[in-house]
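One structure below.
Only the coordinates and a few stated rules stand behind these numbers; no lab work does. Quick caveat: nothing in here was measured; it's all calculated off a predicted structure. For neighbour counting, all protein chains shown are included, and Cβ atoms are generated from backbone atoms with ideal geometry for every residue, glycine included.
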Amino acid sequence: MKIVFMGTPAFAVPSLRMLLEEGYEVVAVVTQPDRPQGRKKMLAPSPVKEAALELGLPVLQPERMRRPEAVAELAAYEPDLIVTAAYGQILPKSVLELPKNGCVNVHGSLLPKYRGGAPIQRCIINGEKVTGVTLMYMAEGLDTGDMISRVEVPIEDEDTSGTMFDKLSLAGRDLLKAEMPRLAAGRVEAAVQDDSEATYAPNLSREDERIDWTAGSLATYNRIRGLVPFSGAFTLWNGETFKVWAAAKPSAGNAGGSAEPGTVLSVSERGVEVKTGDGILLLTTVQPAGKKAMSAADFSRGASLKPGAVLG
């Protein structure tokens with residue numbers, strides 16, 4: 001059976017490696033084009049491309065999978081099955097109809113909840129306690145295909161998007177591994193999604209990354225950890241970006257007086273205490289504009305941020 005694998009971030013790499021380790025024939029890998037990264041904006045390959053080249057696999061990087069020339073290039077490999085994991089583009093009908101055994105996707109949520117491009121981040125931002133991975137057949141809609149199987153994964157209080165990406169990446173690999181013998185034999189029975197229960201997880205915008213200090217302490221804590229280690233949450237201090245990379249889980253019953261939300265209450269080696277809509281949040285890792293991320297202990301030494309300042 002000829003398999004084409006499609007994926008882009010590190011989330012997809014364990015699934016790709018598993019297919020090779022289990023002896024399946026991966027004839028090509030499709031990933032997003034190299035993108036500028038870092039301050040110098042140097043072109044960098046995706047984690048999936050790096051893994052594919054290491055494994056000696058042909059790599060395709062169409063700018064848009066919908067273009068006829070991209071579909072023709074893919075069709076030349078005559079795939080029997082297409083496996084995707086966080087590829088980053090919606091596949092057109094012309095691609096979905098190529099493999100006789102279908103196109104399956106390893107999606108990082110318990111569908112029909114959190115359809116879309118940022119399910120892991122949105123789960124944490126929304127304070128969910130459980131998420132998971134769904135193996136599904138792909139359809140023309142956004143994560144609307146029939147579900148083959150699912151597995152639940154708990155979200156702990158200290159988890160970030162980064163730790164959950166790792167956990168769900170491995171859970172997705174194991175789920176795909178368990179189902180591959182059936183998928184290799186042909187199309188398998190799958191359950192139709194209940195669209196009435198669907199929720200959506202669109203890609204994050206700049207506004208999603210900005211801290212709203214009028215929100216509750218727990219909601220702000222969840223937003224911060226939901227954006228680690230990617231963009232990071234931010235607020236403004238003296239008109240400049242002030243990023244927050246970690247905070248202590250807030251405890252109940254600490255109202256913080258009548259100060260305006262966003263007011264800095266104290267700056268110490270423990271952290272920066274900030275008034276929220278319903279209490280206090282202790283920021284423990286911060287990054288002032290033009291500097292690297294630093295612990296509260298490092299920041300407190302010589303910091304010009306003083307109690308009474310208002311973040312916004």
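Multiplying the residue separation of Ala178 and Arg270 by 0.36 nm and subtracting their alpha-carbon distance yields 28.5 nm.
The phi-based Karplus calculation (6.51 cos²θ - 1.76 cosθ + 1.60; θ = phi - 60°) puts the 3J(HN,Hα) values of segment 207-216 at 5, 5, 7, 7, 6, 9, 5, 6, 6, x Hz, whole numbers, x for Gly and Pro.
Taking the empirical scaling 2.2 N^0.38 Å for compact globular proteins as reference, segment 206-300 has a Cα radius of gyration ratio of 0.97. Using 0.36 nm per residue of separation minus the Cα-Cα distance, give me the extension gain between Glu54 and Asp34 in nm, one decimal. Extra length available between Glu54 and Asp34 comes to 5.6 nm. In the structure shown, the pairs Lys249/Lys292; Lys41/Lys291; Lys113/Lys167; Lys93/Lys113; Lys167/Lys243; Lys93/Lys129 are assessed against 30 Å; a Cα-Cα span above that value is assigned to Lys93/Lys129.
Specify which labelled value, from (i) 20.2; (ii) 21.2; (iii) 22.5, agrees with Kirkwood radius over Cα pairs in Å derived from the coordinates of the model shown. Label of the calculated value: (ii).
The packing ranking of peptides 210-219, 177-186, highest mean first, is 210-219, 177-186, where packing means the average number of other beta carbon atoms within 10 angstrom of each residue. In plain terms, the chain from Glu158 to Gln61 could stretch by 31.3 nm, reckoned as 0.36 nm per residue minus the Cα-Cα distance. Each other residue within a Cβ distance under 12 Å of Asp34 adds +1 if Lys or Arg and -1 if Asp or Glu, for a net charge of +1.
For segment 85-128, backbone nitrogen atoms closer than 11 Å to the point 7 Å from Glu197 Cα along Cα-to-C-beta are found at 110-113.
Expressed in Å, the radius of gyration and Dmax of the Cα atoms of segment 160-269 are 20.5, 66.
The loop-placed GluC sites (Glu not before Pro) in segment 1-95, going by DSSP, that have at most 10 neighbouring Cβ atoms within 10 Å of their Cβ come out as Glu63.
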